[in-house]
């Protein structure tokens, strides 16, 4: 498996290779260059099924994280795969319009958010949100840098 695998189950996201490249650069910069992640792009209905089955919450959400193992502050030996990230492309499109940026940017933000969860972090208060906000801003910086000619 490549470091980042992107599966577009919607067949609507034209930039899967760019997403893969930017997420790989993000992982490198975050000290996770030896880790792998799978990103699956789904529609609201599919994400809603996972959300109900796995969290007991009705309706879609923007992103779900499924760690390969349960992080406890230390990496499980020998497991390179951080986990799976499920992103609702429908919700990402709506949120992109609300945030005033592209769907591609929103998908990258959601990927960085989910990867932060895969490292064992959560956000129950403002202080815990900080690493998520930093990750989300950083992936957009990386995307911008990767797009600019050197």
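Each reported figure results from applying straightforward, stated rules to the coordinates on display, with no laboratory input. Everything numeric here is computed off the predicted structure, so don't read it as measured data. Positions of Cβ are generated from backbone atoms using ideal geometry, with glycine treated the same way; all protein chains shown enter the neighbour counts.
When the Cα centres of segment 102-150 and segment 18-45 are compared, how far apart do they sit, in Å? For segment 102-150 versus segment 18-45, the Cα centre distance is 10 Å. Of the beta bridges DSSP finds with both residues in segment 4-147, what % are antiparallel, to the nearest 5? For segment 4-147, the DSSP antiparallel bridge percentage is about 30. Computed with the Debye formula from one identical point scatterer per Cα of segment 18-150, without solvent, the log10 of I(q)/I(0) at q = 0.10, 0.19, 0.21 Å⁻¹ comes to -0.32, -1.17, -1.39. Here 55, 138 are placed in order of increasing Cβ neighbour count within 10 Å, fewest first, which gives 55, 138.
A simple spin-label model places the labels of residue 145 and residue 129 2.6 nm from each other, with each point 7 Å out along Cα-to-Cβ.
Counted by neighbouring Cβ atoms within 10 Å, the residues 69, 26 run from fewest to most as 69, 26. In terms of surrounding Cβ atoms within a 10 Å radius of their Cβ, 35, 15 rank from fewest to most as 15, 35.
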